[in-house]
Amino acid sequence: MQPLDVTRRAGLIFLSYRFSQGAIGTQNRLLLLLEERWAPTLFAREDLPAVRREVRRRVGSYFLNDRLHPAIALPWTNGKAGPASKTEAVVTNELAALFRRFEHREELVPASPDPVALAGSIVFMDDGYLRRSQGRNSNSIELRIIRESRASDPWHSVFVAHALLDRPTGSREYDLLFGLLGSEEVLEALPTVDRRILSRVIDRYNERQDLRPAHRVRLMGTLEALV
Amino acid sequence: MASDRQQFDLALRRWHRLHSAGRWSASWFDGITAVVTSSFTDNPPDSPAAHRELASFRGEGEEIANRTDLAGGRPLLLLDPTRADIDRVIQDDEVANVYFVGNGSLSMLWMAETDRYDWQDVSSNTTHLKQGWCYQRQCGGLTRRLNVPLGLFMLARPTRLVAALDDAFDPPSLDHPANECMTVVMEGQHMVYDTFVAGRSDFGRFRQAAGFDQQTFVARLRQLRDVADNRADEAAATLARTLMERFAFDSTGFVRSHRRLIDSALADSRSATVSEVARRLDDATMNAAYLRRVPLDQTTRLRAADLAAVV
């Protein structure tokens, strides 16, 4: 296995934000599995400062752009109504916490590179969005998150698109990862509760008007296998 | 001595010059993040409280620098800086982000009992505009007639200034909920003298409170004035009274004092035009929020929603 260069390592960490959909546990599992199977040098000491710098640039440029990332978290604790704008400090705190977790692996103990657990947590996050009345376009009162613009696809499911329908992720490593998550072996090992959630996510995804017939057939097959 | 308006105009002209000339710092992610922690404590010298406060400032500065480093940034920690140190930070175009930690107000950082680093110092030392953020981790009191935020004129984008606007700030740690009173002070790019004069503006902070952005809120108020101006006396008086009733459950002394004025204006409808009443409602709401005597909570949102429904 070729060691990854700085750009590839940073790219994989950046994409972990997208595919974990805001869940730290999911992100930990994603990165642990990537590291175990396809990217052993992901957090290697060598060039780590350069990797951090590149991740900061990518995550910051994306997160601080309201068009690309329209979700804004409101303050939890006080009733003050100042604008909850996204700042560089939010990016700094977030990335510092991520790199600190992977420097002190004991903080990751509850997470493991288990693909079944990872599949379950991605499906769980998909379901959280798709159960809202307007899918990914909805604000979340309980999470105190507002959206200032519309998602291009409010009914997108990370798991269905990439693990079940093989939509390319733009990264070879993530393509392999989602290939594993969508394998019969992993799907069969999903606990009952996760199967039920995945069925619900597939049902929602199936309601899309623009779904290709071949994809619909595939999803129906998966659905039958789950129940 | 120049009046505060002259000082402001001078600073603004300088800012526009730098802007037009394209004198920028490094980008926020490439540039250095300077963390400036003041050595001034307002506790008695050598008291345990003084030592605790200074240790807290330094600890906070170190933690910010550590996190910046871990997150791929380039920290520069200045513990107990001199005035010249801060001048250099402001003049160094490799520095893109600046944190101030210490005692102070929205417009200044205390350096010593008789010395403070002020917004004019920032403005006069600025040789370029920083493309990053400025975080003022000192109290954000509006203690003057003109309350220009300390770091405002060093920033390329005024919307990147974060401070504890009109609030005390003494967080036990970087992650303590007390940090949530740090807020973006300016929502728009326009810097106008009146924005910073006590009582004349809310710094655009109505965005969340009103349930819509400040621009829309101001547009609504303008509509209200137009409606009030164009209606026949009776209808306009009814409108104004309805609005006043809807504002009436606001319990602050400030609004109450305005309410008395509104009441007296309405009592003699011949002498008071409705647009004057509407103006007073406008002022009362803005000022109450500005002085933070009204928590900008559900109550404010309801009132804003009512207002939107009426106009």
**Complete:** Lys and Arg at +1, Asp and Glu at -1: neighbours of A:ARG100 with Cβ under 13 Å from its Cβ sum to -3
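From the protein chains alone at 1.4 Å, what is the descending order of accessible area for B:MET186, A:MET125, A:MET1, largest first?
A:MET1, A:MET125, B:MET186
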**Asked** According to a simple spin-label model (label point 7 Å from Cα along Cα-to-Cβ), what is the distance in nm between B:SER173 and B:ARG14?
**Response** 4.0
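Sorted by accessible area with a 1.4 angstrom probe, largest first, how do B:ASP175, B:ASP85 fall?
Values: B:ASP175 105, B:ASP85 40 Å².
Descending order: B:ASP175, B:ASP85.
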**Asked** How much of the accessible area of chain A, probe 1.4 Å, is carbon plus sulfur, in whole percent?
**Response** 54
**Request:** Please give the solvent-accessible surface of A:PHE63 in Å², to the nearest 10, using a probe radius of 1.4 Å with every protein chain present.
**Result:** 50
**Fill in**
With all protein chains in place and a 1.4 Å probe, B:GLU113 shows an accessible area in Å² (nearest 10) of 150
**Message:** If you take the accessible area of B alone plus A alone and subtract the pair, what total do you get in square angstrom, rounded to 100, with a 1.4 Å probe?
**Reply:** 2800
**Request:** Report which residues of the stretch A:35-58 become buried by 20 Å² or more of accessible surface when going from the isolated chain to the complete set of protein chains (1.4 Å probe; DNA, RNA and ligands ignored).
**Result:** A:ARG52, A:ARG53, A:ARG56, A:ARG57
**Message:** For B:ARG14, A:ARG9, A:ARG131, give me the order by solvent-accessible area with a 1.4 Å probe, most accessible first, ignoring ligands, DNA and RNA.
**Reply:** A:ARG131, B:ARG14, A:ARG9
**Complete:** Interface residues of the stretch B:167-181, defined as losing at least 40 Å² of accessible area versus the chain alone with a 1.4 Å probe, are B:GLU180
**Request:** Along Cα→Cβ, 7 Å out, is where each label goes; now give me the distance between the ones at B:ALA55 and A:ALA225 in nm to one decimal.
**Result:** 6.1
**Message:** Amide H of B:MET108 versus every other amide H placed in the peptide plane: which residues, excluding those fewer than 5 positions away on the same chain, fall under 5 Å?
**Reply:** B:LEU150
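Taking a probe of 1.4 Å, how large is the accessible area per residue of the stretch A:6-226, in Å²? If you can, show how the numbers build up before the last one.
Details: 10420 Å² over 221 residues.
That works out to 47 Å² per residue.
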**Asked** Which residue, chosen from B:VAL197, B:TRP110, B:THR143, occupies the Cα position most advanced towards the positive end of the dipole of the stretch B:57-208, where the dipole is computed from +1 (Lys, Arg) and -1 (Asp, Glu) charges on Cβ about the Cα centre?
**Response** B:VAL197
**Sum of side-chain charges, B:ARG17 neighbourhood, beta-carbon under 14 Å (Lys, Arg +1; Asp, Glu -1)** = +2
**Request:** List the residues of the stretch B:77-106 whose backbone N lies under 19 Å from a point placed 7 Å from the Cα of B:ARG23 along the Cα-to-Cβ direction.
**Result:** B:84-98
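Might you tell me the accessible area per residue for the stretch B:1-83, computed with a 1.4 Å probe and given in Å²? Provide the component values of the computation, followed by the final result.
Numbers: 4260 Å² over 83 residues.
On a per-residue basis, the stretch B:1-83 sits at 51 Å².
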**Message:** I'd like the accessible area for A:PHE14, computed on protein heavy atoms only with a 1.4 Å probe and all protein chains in place. Round to 10 Å², please.
**Reply:** 40
**Prompt:** Between A:ARG132 and B:ASP115, what is the spin-label point distance in nm, taking each point 7 Å from the Cα along the Cα→C-beta axis?
**Reply:** 5.1
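The values are calculated or read from the model by the stated rules, or taken from the named source; none is laboratory data. This structure is a prediction, so every number in the text was calculated from the model and none was measured. Glycine also receives a Cβ, built like all others from the backbone with ideal geometry; neighbour counts cover every protein chain displayed. In case anyone asks, the SASA skips ligands and DNA or RNA and just uses the protein heavy atoms, side chains included. Shrake-Rupley method; radii C 1.70, N 1.55, O 1.52, S 1.80 Å.
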